[in-house]
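To start, the structure under review is shown below, and the notes come after it.
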Amino acid sequence: MKIKTKLRLGFGFLFVVVLFFGAISLFYMNKISISSKVILKDNYETLSFTRKMRAILDVNNLPLSTTVSDQFAALLAQEGKNITEPGEGVAVANLNRAYLGIINPDAGMVSRQAAVIKARLELSAIDQLNMNAIVRKNAAAQAAVERASMYLIFAASMCFLILFSFIVNFPGFVANPLREFSDAIKEISKKNYKQRLEFDGSDEFAELAGSFNAMAAELNRWESSNLAKIQSEKLRIEAIIEQMQDAIIGLDEKNDVLFMNKVAGQLIGKNEKEVVGLNALELRKKNDLLNRVLQNDGGDKLMKIYADEKESYFQLERRKIIVPSYDENSEQATVQTGKEAGEVFILKNITQFKELDEAKTNFIATVSHELKTPISSIKMSLKLMDDERVGSMNPEQKELVQHIKEDCSRLLKITSELLDLAQVETGNLQLNFVKTDPRKIAIYAMDAVRFQAEQRSIELELISRNNLPNVSVDIEKTAWVLINFLSNALRYSSEKSKVVIQVIEIGNNIEFSVRDFGKGIDEQYQKRLFDKYFQVPTDGNNKSGSGLGLAISKDFITAESGSIWVESAIGEGSRFCFSLPITD
C-alpha cells in the first residue's frame, strides 16, 4: 500500500470517528428535547385549562351566565381533547356531568352548588393526575439525560482511546522507516557499507530501501576493491622506500613515526620496526642525530655524520606532507583544499659529491697558486719592456704590450678570486676583525679605483656623515667587496657619468651602497647575481669577468654577519648594497 493511500485511510478513519461521535450526541440531545416538549405540551396545557375553569367557578356566582357557561364549555372541550394520563378521561367525564348539573335550568340552587363542589373535586383530581405525570415524566427525562450522558461519556471515551491510539501509532508508519533510514545513513557515513534495510510491502519506503541496499552493495564492492588497491600501492611504496639509498623518515601530524627505511635505521642506530608508531619527540631525547634532524628549520642543511666507517656528508631535506581534502562547510559543491598530514625527512648521502667538490676546490686552488707566480713574472717583464731605458718600441708594439698587460691583470684578478673562493669553500677563510670607521673603508675603496674612474671621466661622489658608529670587520675583505662593486659600476657606466657611494646608519647597521646610472639589470637576472660563475649577458661592449666577484663578496659579507643585495631597474641603473652590524 502506498504512503499516500495510508495517509488517506488514516485521516478518513479520523473523519468517521468524529462523525460517529457527532451522530450519537445529536441522537441523545434530540431524545432529551422530545421528552421536554412532551412535558410542556401535554401536562402543562391541562394544568392551564383546569386553572382557568377553577377561576371561572371562583369568580362567577350561580347561576352562570351564558357567556361564562360557553367559556367553561370551551375549556372543558379542549381538556377533553388533551387527555394524556390514565384516569384522566374518567375525571373529565365526571367533570362534564358536574358541568351539566351546574348549567341545568331545572336544578335547584342546592343541586347546582353540589355540582360545583363535584366539579372542583374533579378539577383537583385532574390537576393531581397531571402533577404526578409531570413528576414522573421529569424523573424519566432525568433518567434519559443520565443515560444519554453515560452513553456520550462512553462514546467520548471510546473515541478518545481510538484517537489516542491512532495518534500514538499512526505516525510510526512514517517516522519509524525514516528513523531506520537515518540510522542506516549514519552507518554508511561511518563506512559501514554492510548495512542493509528490510521493509515489507510495496510502498515507497520499500522501494527506497531497495535502492539503498543496492547503493550500499555498490559502495561495499568499491571499498573492497579500493582497499585492495590501496594495500597493494602501500606495499609497493614501502618496497620503494626500503630500497632507496637515501635515509627517509616519515612522521604524521602528531609527530608519530609512520615509516623509516633501513638506511635511516642504521644512521640513528634503531631498528625501523621498533620505532614505527612511537612519538619522535620522545625518541629525540635519547638520540642526538634524530634531535638534530628534527631541529632543522625547514631549509636544506648539510650534516656531517659518521657512516660507512668514515665521516660522511648528508643533505637534509624536510618536506611537508599535503593531502587533498574537501571543505564540507562550503556552500559550493566541492572545494578541494590541502591538509597537512605530517612531514618527511630525507638524508641524501652526498659524501661522494662533497669529496669531488673538495678535490675540485683543491685543484683550482693549486692551479691558481701555480699560475699566480708566472703571471706576476710576465707582468713584471712587460713593465720592463715598457721602460725606455731598455729600448724603444714602435706604436704597434706598445699597443700589443698594453693588451698583454690588460690580459695579465685580468688573469691575475681571476686567480686571486679563485684562491679566495677556495678558501671559502674549504672553510679556511681567515678574517681579521678590527673596529674601524666605515668612512675609511669607503675612502680606501674609492682611492683604489680613482685612477680607473679618471681615465673615463667618471665622477666618484661619497655621501656620508662624520662620526658614524664603528663596525667590527675585516678591513681588507670589506674594502675588496666595495672595490668590486665600484669596478663593476665603472665598467657598466658611460663616460662622463657619476657613481655615488653612500655610507649611512640604519637602525643597528651601517649600510654601504654603490649606485651607477647605467643600463640596469633585468629582473630575471637579479636573483642569480650572487651565484657562482653566473654572468649577466652583455652586448659585447663590456668585458665580462669570471662570475666569481659577487659570489665571493656575498661569502665575505655573510661571514661578517652582514647581508648583501641589489636594487636595479632597466634604464635607471643599479644599486649594490651590503650592511654590517654596528659594534658595541
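The values are calculated or read from the model by the stated rules, or taken from the named source; none is laboratory data. Note that the structure is a prediction, hence the values are computed from the model and not measured. Because the Cβ atoms are built from the backbone with ideal geometry, glycine has one as well, and the counts that use them run over all protein chains shown.
Considering the stretch 474-584, the qualifying helices (runs of 4 or more DSSP H), each wholly inside and each with 2 or more residues that are closer than 27 Å to K435 by Cβ and touching a helix residue (DSSP H, G or I) at 6+ places or on another chain (Cβ under 9 Å), run over 475-491, 549-559. Please indicate, with yes or no, whether at least one residue in the stretch 503-518 is free of Cβ contacts under 8 Å to residues at least 12 places away in the same chain and either under 19 Å from S574 (Cα atoms) or in the same structural domain as A569 (by TED's automatic domain parsing) (or both). Looking for residues that are free of Cβ contacts under 8 Å to residues at least 12 places away in the same chain and either under 19 Å from S574 (Cα atoms) or in the same structural domain as A569 (by TED's automatic domain parsing) (or both), one finds at least one in the stretch 503-518, hence yes.
Please specify each residue of the stretch 139-153 satisfying the condition of being among the hydrophobic types (A, V, I, L, M, F, W, C), under 17 Å from V18 (Cα atoms) and in contact with a helix residue (DSSP H, G or I) (Cβ under 9 Å, 6 or more places away or on another chain). If you could, list the steps in order and put the result at the bottom.
Step one: filter the stretch 139-153 for residues among the hydrophobic types (A, V, I, L, M, F, W, C), giving 139-141, 143-145, 148, 150, 152-153.
When the remaining residues are screened for being under 17 Å from V18 (Cα atoms), the result is 152-153.
Of everything in the stretch 139-153, just one residue is among the hydrophobic types (A, V, I, L, M, F, W, C), under 17 Å from V18 (Cα atoms) and in contact with a helix residue (DSSP H, G or I) (Cβ under 9 Å, 6 or more places away or on another chain), namely L152.
If you check A143 against the conditions, is it assigned by TED's automatic domain parsing to the domain that holds N94, exposed (fewer than 13 other Cβ atoms within 10 Å of the Cβ) and within 30 Å of E45 (Cβ to Cβ)? It is true that A143 is assigned by TED's automatic domain parsing to the domain that holds N94, exposed (fewer than 13 other Cβ atoms within 10 Å of the Cβ) and within 30 Å of E45 (Cβ to Cβ).
Residues checked against (1) loosely packed, with under 14 Cβ neighbours inside 10 Å; (2) of a type in the set (S, T, Y); (3) in a helix (DSSP H, G or I); (4) without any contact (Cβ under 8 Å) to a residue 40 or more places away in the chain:
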position	(1), (2), (3), (4)
L123	no, no, yes, no
L129	no, no, yes, no
F154	yes, no, yes, yes
F181	no, no, yes, yes
A209	no, no, yes, yes
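Among the residues of the stretch 186-207, those identified as of a type outside the set (G, A, S), touching a residue at least 24 places away in the same chain (Cβ under 8 Å) and either part of a helix (DSSP H, G or I) or surrounded by fewer than 13 Cβ atoms within 10 Å (Cβ to Cβ) (or both) are I188, K191, K194, E204, F205.
Of a type in the set (K, R) and out of contact with any Lys or Arg (no Cβ under 8 Å at 6 or more places or on another chain) - does that describe any residue in the stretch 54-70? The answer is no; no qualifying residue exists. The C-beta contact set for the stretch 236-257 (first residue closer than 18 Å to N291 by Cα, second residue among the polar types (S, T, N, Q) and crowded, with 18+ Cβ neighbours inside 10 Å, distance under 6 angstrom, 6+ apart or interchain) comprises I248/N261. Would you check if L400 is surrounded by 11 or more Cβ atoms within 10 Å (Cβ to Cβ) and modelled with pLDDT of 70 or more? Answer is yes for this residue. Residue pairs whose Cβ atoms lie under 9 Å apart, separated by 6 or more positions or on different chains, with the first residue in the stretch 280-292 and over 16 Å from S312 (Cα atoms) and the second loosely packed, with under 14 Cβ neighbours inside 10 Å and of a type in the set (S, T, N, Q), are R284/Q295.
Contact map, the stretch 45-61: residues that are in the same structural domain as E85 (by TED's automatic domain parsing) paired with residues that are of a type in the set (G, A, S) and surrounded by 15 or more Cβ atoms within 10 Å (Cβ to Cβ), Cβ distance under 7 Å, separation 6+ or inter-chain. Pairs shown: L57/A119.
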